[in-house]
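For reference, the structure is listed below as structure tokens.
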């Protein structure tokens, strides 16, 4: 991509992201799901890295969201709320070194760090019936299982998938897997305030 095309695309992405930020943070009516938003955002990040002369201080990559709704109560956290970068592939998730985390913690001035990890594997049925399974979605903005199957699978693949899953769903066989991690840290002189699991 040449600089002129990059400049046009960066302008389009900034406009789209600013609109979606406004819809999400101010009007409380998002139109796209998190994954679609992240794709736009990370494309903008990549282009601004590739063409640093096109980066600007008012880019959505340089600030957070939009002004929040008035209906939200302001809360001052005793410890800063920090977030980690997104990961989009198994390789990005696995490419994590605890030494990176420890370095960030030390740079931020934390003296005490705790990590609570909880993993559960529970045999249970998730859905009442096949119809409920097909019309389930993890997020209201994400496709249902039926929509995802129609989009991602050929008719033969969908048939094989359904033949495998239908007896499991109807017999309410399944396994729920869940893992949660809570990381909290305190600075010298602070009273520890662990998050509620």
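The values are calculated or read from the model by the stated rules, or taken from the named source; none is laboratory data. Just so it is clear, the structure is predicted and the values come from calculations on it, not from any experiment. Here the Cβ positions follow ideal geometry from the backbone for every residue, glycine too, while neighbour counts run over all protein chains shown.
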**OP:** Working only within the range 2-23, note down all residues that are in contact (Cβ under 8 Å) with a residue 40 or more places away in the chain and farther than 16 Å from residue 61 by Cα.
**Re:** 3
**OP:** Kindly check whether there is at least one residue in the range 93-102 that is in contact with a helix residue (DSSP H, G or I) (Cβ under 9 Å, 6 or more places away or on another chain), in a loop (DSSP other than H, G, I, E, B) and modelled with pLDDT under 85.
**Re:** no
**OP:** Note down all Cβ pairs under 7 Å where the first residue falls in the range 151-172 and is more than 16 Å from residue 135 (Cα to Cα), the second is in a helix (DSSP H, G or I) and modelled with pLDDT under 90, and they're at least six residues apart or on different chains.
**Re:** 153/161
**OP:** Return yes when residue 127 is modelled with pLDDT under 70 and on the phi < 0 side of the Ramachandran plot and no when it is not.
**Re:** yes
Subject >> Residue, nearest to residue 143 (Cα to Cα), within the range 19-38, restricted to residues that are modelled with pLDDT of 90 or more and exposed (fewer than 14 other Cβ atoms within 10 Å of the Cβ) >> reply: 31
**OP:** Check whether at least one residue in the range 156-170 is at pLDDT 75 or above, assigned to a loop (DSSP other than H, G, I, E, B) and out of contact with any strand residue (DSSP E or B) (no Cβ under 6 Å at 6 or more places or on another chain), and report yes or no.
**Re:** no
Original post:
So, in the range 180-197, of the ones that are loosely packed, with under 10 Cβ neighbours inside 10 Å and either at pLDDT below 70 or part of a loop (DSSP other than H, G, I, E, B) (or both), which residue ends up farthest from the chain's Cα centre (by Cα)?
Top reply: 189
